[in-house]
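The values are calculated or read from the model by the stated rules, or taken from the named source; none is laboratory data. In this text, all values refer to a predicted model and were calculated from it rather than measured experimentally. Cβ atoms come from the backbone with ideal geometry, glycine included; neighbour counts cover every protein chain shown. These area figures cover heavy atoms from the full protein model, side chains too; ligands, DNA and RNA do not enter into them. Shrake-Rupley method; radii C 1.70, N 1.55, O 1.52, S 1.80 Å.
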Amino acid sequence: MNVVTEANISGKPIVEKPHKRPVRMLRWFIIVGLLLTLLVGGFVGFNAFRSKMIAQFFANNKPPPVAVSVAEAKSEVIPNLLTAVGDLAAVHQVNVTSDVNGRITDILFTAGSTVTSGTPLVQLFDGPDQGDLASFKAQATVAQLTLERAKQLASRQFSPQATVDAAQAAYDQANAGIAKTQAIISQKLVRAPFDGELGVRKVEVGQFLTAGTQIVSLTDLSTLYANFTVTEKDSAQLQVGQTVRIAVDAYPGRKFEGKITTIEPQIATDTRNIRVQATIANPDRILKPGMFATTTIVLPDKPAVVTVPETAVDYTLYGDSVYLLTEKKEDDGKTSLSAVRTFVQVGNRVDGRAEILKGLKAGDRVVAVGQLKLQSGSAVTISTDPVPPMPAQPPRY
């Protein structure tokens, strides 16, 4: 084995040269970090500058005041009303029937006509009864003559008193037969029991009519009852003679006035309501029994309360509120108006005005029209345009 030796070869181990790559990577990390820092700083600075400029823009460019219509809260006495629902019923209404059986020979009325008490309506066949009446009248005539002769003979002592008594009894019996037959004949002529309007005819000529069969309806429309109920809580406010106003769907916008005439003396245990009846005059005959009626009872007036137009109240799930006008002096000495949302407690609403129980006092000015364009604290100006009228609707009672 040959061993070759060289002069530049020593016995020291061969060591690799130092690696310069980590230094180059550190330099790149530093450069990238500086770039990211500049980028983030520029972004943050831009946002801060933008926010400052936006705030400065809105501070120097306030929106113009909103033109609104204004109303003043007033202290006034509003009607104290109690509303209920019910229906109308006739004071006099009946289904005309016959008391006896018989065949109809004549119909003496026209359906839908107005009749007076005692007007003949239907004639039943009464031929046999007329014959009986004639027979009893003949018997009465004979009995009367016999009675007169018996009295003359008895006065002269030619006849006993027993003969006079027998003749008197025969005469009275004949008269009783006449009265009974006349009553039967009168039953077969059906008459109107009171003044009123007839309904639809339900019989025909020649029909055999049994007792109790309906002939026609008869209704007196001059006066009606309004029957309604109120709760137990409100029953203490009711008195006979209080005014009641009636509204019906058939005549929107009209009201009919009457008086409470009857208050049920007991309260229903199942509903805890009390039944009330009012009498309503109906001179025009336009109200009909069976109509659904909204009734309003006029109660004694309450003390004066603060009211505002109903359009001024903003109804939300969070509560009822109004926009209250407040005055503020600016730095230049001028006075500006702003609308501040103020929560209120609303009571009854009558004739387009709302009762404010809490939150306002008389003399406060509120926004009546234009709330949709406002936020709390918005600057406003009072519009010169008149407040628009209330929308057409049935009047409140």
Reachable lysines, given that their alpha-carbon falls under 23 Å from the alpha-carbon of residue 188 and they are not under 8 places away in the same chain: 137, 180, 202
All aspartates and glutamates inside 16 Å of residue 151 as judged from Cα atoms, apart from same-chain residues fewer than 8 positions distant: 165, 172
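Do the sum for the chain: with -39,500 (n - 2.57) for every DSSP H run of n ≥ 4, divided by all residues, what is the mean residue ellipticity at 222 nm, to the nearest 500 deg cm²/dmol? Don't skip to the end; give the middle numbers.
Working: 3 runs with 96 residues, N = 397.
Helices in the chain give a 222 nm mean residue ellipticity of -9000 deg cm²/dmol.
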Candidate values (i) 20.2, 58; (ii) 22.3, 69; (iii) 50.6, 211, label of the one derived for Rg and Dmax of the Cα atoms in Å: (iii)
Residue 257 long-range amide H proximity, modeled H, under 5 Å: 246
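For the stretch 279-324, what is the Kirkwood estimate of the hydrodynamic radius, computed as the reciprocal of the mean inverse distance between distinct Cα atoms, to one decimal in Å?
On the way: mean 1/r = 0.0639 Å⁻¹.
Evaluated over the stretch 279-324, this radius sits at 15.7 Å.
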Under 5 Å, built H, 5+ apart or other chain: amide partners of residue 97: 215
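Can you give the charge dipole size of the chain about its Cα centre, rounded to the nearest 20 debye, using +1 on the beta carbon of Lys and Arg and -1 on the beta carbon of Asp and Glu? Could the numbers behind the result be given before it?
Details: 41 positive and 36 negative charges, 494 e Å.
Taking the Cα centre of the chain as origin, the dipole is about 2380 debye.
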For residue 70, distant residues with modelled amide H under 5 Å away: 368, 383
Integer Hz, Karplus 6.51/-1.76/1.60 couplings in order for the stretch 222-232, x for Gly and Pro: 5, 9, 10, 9, 10, 9, 8, 10, 10, 6, 4
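From largest to smallest, what semi-axes in whole angstrom does the stretch 262-347 give when each is the square root of 5 times an eigenvalue of its alpha carbon gyration tensor?
Working: eigenvalues 477, 67, 37 Å².
They are 49, 18, 14 Å, listed largest first.
Please list the equivalent ellipsoid semi-axes of the stretch 126-280, computed as the square roots of five times the alpha-carbon gyration tensor eigenvalues, in descending order and whole angstrom.
Working: eigenvalues 721, 117, 39 Å².
For the stretch 126-280, the semi-axes come out at 60, 24, 14 Å.
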Phi to ³J(HN,Hα) by Karplus 6.51 cos²θ - 1.76 cosθ + 1.60 over the stretch 246-254, Hz, x for Gly, Pro: 10, 10, 10, 5, 5, 10, x, x, 9
Whole-percent carbon and sulfur share, accessible surface of the stretch 260-348, 1.4 Å: 52 percent
Leading residue at positive end of dipole, the chain (Cβ point charges), from 157, 217, 281: 281
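Can you divide the C-alpha Rg of the stretch 164-213 by 2.2 N^0.38 Å and report the result to two decimal places?
1.85
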Rg(Cα)/(2.2 N^0.38 Å) for the stretch 23-147, N = residue count: 3.89
Charge dipole (the stretch 205-277, unit charges on Cβ, about Cα centre) - positive-most of 227, 262, 241: 241
Phi-based couplings in Hz for the stretch 109-124 (Karplus 6.51, -1.76, 1.60; Gly and Pro marked x): 10, 10, 4, x, 7, 9, 10, 9, 4, x, 5, x, 10, 9, 10, 9
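If the limit is 24 Å between Cα atoms, which of 74/259; 233/259; 328/373 go over it? Walk me through the numbers before you get to the answer.
Working: 74/259 32 Å; 233/259 21 Å; 328/373 20 Å.
Checking Cα-Cα distances, 74/259 exceed 24 Å.
Using the heavy atoms of the protein chains and a 1.4 angstrom probe, tell me the accessible area per residue for the stretch 183-307 in square angstrom. All intermediate terms of the calculation are to be shown ahead of the outcome.
Working: 6630 Å² over 125 residues.
Ligands and nucleic acids excluded, the result is 53 Å² per residue.
Within the accessible area of the stretch 195-252, what % is carbon and sulfur when the probe is 1.4 Å and the other protein chains stay in place?
Working: 1360 of 2850 Å².
Carbon with sulfur: 48 percent of the solvent-accessible area.
Quick check: from the Cα gyration tensor, does the stretch 74-208 come out rounded (a/c under 1.5), prolate or oblate? Display every interim value, and only then the final one.
Values: a/c = 5.50, a/b = 2.24, b/c = 2.45.
Oblate, because a/c is 1.5 or more while a/b does not exceed b/c.
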